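Inspection log for the structure reproduced underneath, given as structure tokens.
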Amino acid sequence: MSVNINSNTQQTPDIKTEEQRRIVRIPMSLGLIGQMDAALVAGAGGYTTREEFIGDAVRDRLLELEFEPAPPGPGETASPPSSHDGHRPSLNVVGPGAEEPTATRFDLEETVLRAPEAGFALGGEAVVHDAALLGLHNRDYTSLWALRRLADVLASSPLPITPTLSQVTERAWEFSGRVRPLDAGAELKLTSLFPTNRSKVQAASGQFRAFAIGTVRDTNGQLHGDGPLFAWRAVQARRGDDGIEIGLTGPGWDLLSAVDGISLRLPHSPHLTTQFFRHLRRHAPADLAGIALSIRGAGERMTRAELIAAYQGEYPAWTEVQSSTNAAGYVARGREWGLIEPKLIERRYRLTPEGEKRVDELAKRVS
């Protein structure tokens, strides 16, 4: 079976006309079409037509492909790092091409992150701009998990960034393999932002590092840090004898202490929400403002299209594709923190009771 969708062909940039639309016939399996239609009937993500659904899927994949291939993936680097107390992790590493982990006892209690003792705090030299995060960062727990794993290996001193992030990525593959069976029946996907696609290891590893941790660029002799852990001022980078090094900052150690006990039991508790938002308010107000806009939109019971338009109005430099992707990412984070209802109601976003309590507070503190 096939579906027909409208294709947009961009006009010459200096001619301000509407995009041309063309029918494209794409063969798809009956099962995939059935799943898509079921999601549309359920109002998942605010989509109302196949055209919207497929168009966003294509745009998101194109955004992913813009990123360069990652360094070697799991199984091609050193074994997982030792934990903070010198012991090896108890779980087995699952690299690309390996079998899925055998069924063992694993539950949400094993996803709890406990705060380590504070270690070496790096001042660093990377320039970090306060800005909203890209929508492919759609789960804060994953970034906090990565920060906790970085704390395991960076407690004593900064280390070269490439092998350090490769070790954390190995552990992310392992962790996601153990969590994946718990996704069945979960209201919010538990493996969001973790690498899971073993048929595209480098791409999946690169996306995890870029959107769960962050990247460092050396531009004309100046280091620039991007991504959540840099935006949250939780990690920094500097030049060392062996190249660029990464380390946790003082606020990074404080953040791990503030969210002690966080897990994949979603949504997170009001106490943890308060602690995390307090950190953003102090260290990443632009990111908090992005979340606050999704909360405001849900408070006004916007449709998906209305929320995208709100983001376009707030961030005029974003394209429609960026606004759509970033709005979806911020809505997902609002759901993770228990502020936006997991499903649309009459095709509109709605706040949870906890979200209703916080909407005015967020509006005041990020304005």
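Compactness of the stretch 270-365, taken as the C-alpha radius of gyration over 2.2 N^0.38 Å, stands at 1.00.
Across q = 0.21, 0.29, 0.30 Å⁻¹, the stretch 172-230 modelled as identical point scatterers on its alpha-carbon atoms has Debye log10 I(q)/I(0) values of -0.83, -1.12, -1.15, in the order of the q list. Ordering of 271-279, 331-339 by packing is 331-339, 271-279, highest average first (other Cβ atoms within 10 Å, averaged per residue). For Leu351, the residues whose amide H sits under 5 Å from its own are Glu341, ignoring neighbours fewer than 5 places away on the same chain, with H placed 1.01 Å from N.
Here the Karplus curve 6.51 cos²θ - 1.76 cosθ + 1.60, taken at θ = phi - 60°, turns the phi angles of the stretch 318-335 into couplings of 6, 6, 4, 4, 5, 4, 5, 5, 5, 4, 4, x, 5, 5, 4, 5, x, 6 Hz, with x standing for Gly and Pro.
Taking only alpha carbon atoms, the stretch 108-258 gives an Rg to Rh ratio of 0.96, where Rh is the Kirkwood radius. Among 139-151, 307-319, sorting by the average number of other beta carbon atoms lying within 10 angstrom of each residue, highest first, gives 139-151, 307-319.
Just so you know, all these numbers are worked out from the coordinates, no wet-lab data involved. The structure presented is a predicted model; accordingly, all values stated were derived computationally and were not measured. Virtual Cβ from ideal backbone geometry, glycine too; neighbours counted across all protein chains shown.
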